Structures are given as structure tokens and as C-alpha cells.
1. Could you quote the convex hull projected area for region 156-221, Cα atoms only and averaged over all directions, in nm²?
2. Mind scanning 156/245; 27/57; 201/225; 156/274; 175/225; 96/156 and naming the pairs with a C-alpha gap bigger than 31 Å?
3. Can you put 59, 206 in order of Cβ neighbours within 10 angstrom, beginning with the fewest?
4. Please arrange 280, 154, 31 by how many other C-beta atoms lie within 10 Å of their C-beta, fewest to most.
5. Give the order of 303, 244 when sorted by the count of other beta carbons within 10 angstrom, beginning with the fewest.
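What follows is calculated from the coordinates using simple rules that are stated; it is not laboratory data. Being a predicted model, the structure only gives us computed values, none of them experimental. Here the Cβ is made from the backbone with ideal geometry for all residues, glycine too, and neighbour counts use every protein chain on show.
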Amino acid sequence: RRRFAKPLYGQKPYRGFESPSLRQLFKGLRFLLRSLQNSLQWCYMKNIPVFPKVMTKGSATATIYERQYEKDTKHGRRKYVEYRLAYYVGKERKLKTFADYESAKAAADEVLGDIRDGKPEPVALSGFDRDRFQRAEAAVLPTGIALDVAASHFAKAVEILGSDLVIEAAREYDKRHRNLQPRLVGEAVEEFITVQELRQKDGHLSAVHVNRQAARLRAFAEQIKINVASVTAQDIDRFLDGLMKPDGQRVGLRTRDNWADEITGFFEWAKVKKYVPFDFNETVSRLSSDRDKPIEVYEPEEMAALLAKAESDLAPALQSVPLLACALLRF
């Protein structure tokens, strides 16, 4: 047969095709190919993914598949679309499902980055988990605290409080500490001693009392070098339990309680100065079992022995006691 068929009137010849049915088939195939080519070019220009979508980073590869399915609902049968991300960790194939393409693509980028960096177990967050992570990250961003550190602090706070009372505890702390003036124990002690010395000059306190108080509180400040509002009863008890005599023996229980009274008086003054919260009530333990006893009268011999052992600055005061007692008896 001839290679070229004789064309009919008004028709162009088709090389190798003499049958009209073959010519129509060829036209149809050519139309489909051109349509497919145009569709692919349009998708490329519009940045519309073509599935399966293969993504690579270095030697790591992940594939996103689109799956369309129907599901019966109370409103009838409806069509749904989901996207599946497939990747390999070693020889194990992993598969994650997402509701939208953008979430699947973002997860693929994370997984490929983890595989490229050699992380042992890449994690692909689902759409819900990713949204939750982004909300948490946005919440802690103004604080300047890393998300993992904030989560650790919150977990520790819940452990201390016993339940999720973090907000209530923060409000209570702010209420108690809002107007406090920060002072170190040493600074507050020196200010307190200055006030007591002024009261001594006005005749309200004796020099012996002020000097003893100053010595004890300065020793306390030397050991407790923190903010006054941060001092606890445990801190005070540890200090009192460590008090020693010059010979290396522990002080007596009565002496320990006298020190505790001086420190408690200092903290009562600190409340007024707003260095500690208004409801600061760190109870210091008292160990002495001494109780007030009936008043006894000194014999002349006991009074003489007391004056003989008294310090020089106390002797004048003690010498006036017998005279005062005699005056009261006469009255």
C-alpha cells in the first residue's frame, strides 16, 4: 500500500493513517496529552502540589500522598481528603496522617531536617499537636523563657501545690509582696539598731539592752545573708541551734529562747517597715520549759553575792534595788 493515502476533497493528509477512525483516535490522544501538559504547567505556576509529592533534603526522602474517601454522617454521605506522610527511619517505615497539605508539608520539613541532622527518632507533629505547640510557644514568648523551661517550672509548681493552683498562688504572692521594699537581713538589722539607739538616747531603752540586742542581731545577719522577706522559721531555727558558748558548748535552752525573742522582735519591726509581708508569721520554736514562778525575796546574803558577781555596768542598778524595796515596804 502507499505510504500516503489520497486525501479527500478539503482534507489534509495524515501520514500513516488512512482510516478515519484511527485519525479520530489520534486527535483525541493528542488533545488529552496537550491538556495534561497544560494542567501540569498551570499547577507548577500556581504552586499546586502534584501527588504523590516527593520531598528531599540531602539523602533523606519523604513522600506525601493525598487520599480522598467518603464517609457516612448524619447529614448524608460526604467526601473527605487526608494527607499521609511516609518516611523511613532506618529500615522502618513511618506513616503520619494530616488533615491539610500545609501541615503535612511542615511536618515533612521537620522530619527531613531531623534525619539529615542524624537525630535518632525524628518526630512529625500532627496538625492538632502542631497547633498546640505553636500556641504554647506564643504564650511564653513575651516572658523570654524557653518553652521547655516554662513547662518544667509549671510542673514543679503543680507538684509543690498539689494541683493546678499556680495562678491562685501567683495572685496571693503578688498580694502579699506587691508593696514590699527589698532589704537584705544585714541592711535591715543595721537600720533597726539605729532606731533602737535613738530610743536609747530618748531614755526609752537602756544601753545594756540595746548593746545586747545589736550583738545578737548582727551575729544573726552574719549567718543569714538573704532578703528579709525570704527568711523562714527553718532558717532561724538552724541559726539558733548552732549557737555556742565561748568554751565550745551549746548555749542553754533559756539563752536560746532569749535570742529567739530578739529575732522575733526584729521581724515585728520589719513588718511595720514593709520589709516582710503583713501576715509574716514564721513561728520560731521555743525549747525552754521555764515558766513564770512565784516571786521570791532575796536574802541579804544572796543580794551581796549577786552584787559581787555583777558586771561593772550592772552594779549601780542592782545596788538601787534594795533601797527601792525598802521604800516600797515602808509605803
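1. Details: hull surface 27.0 nm².
It is 6.8 nm².
2. The answer is 156/245; 27/57; 96/156.
3. Working: 59 8, 206 12.
Ordered from fewest to most neighbouring Cβ atoms within 10 Å, 59, 206 come out as 59, 206.
4. By the 10 Å Cβ count, ascending: 31, 154, 280.
5. Ranked by crowding around the Cβ, least crowded first: 244, 303.
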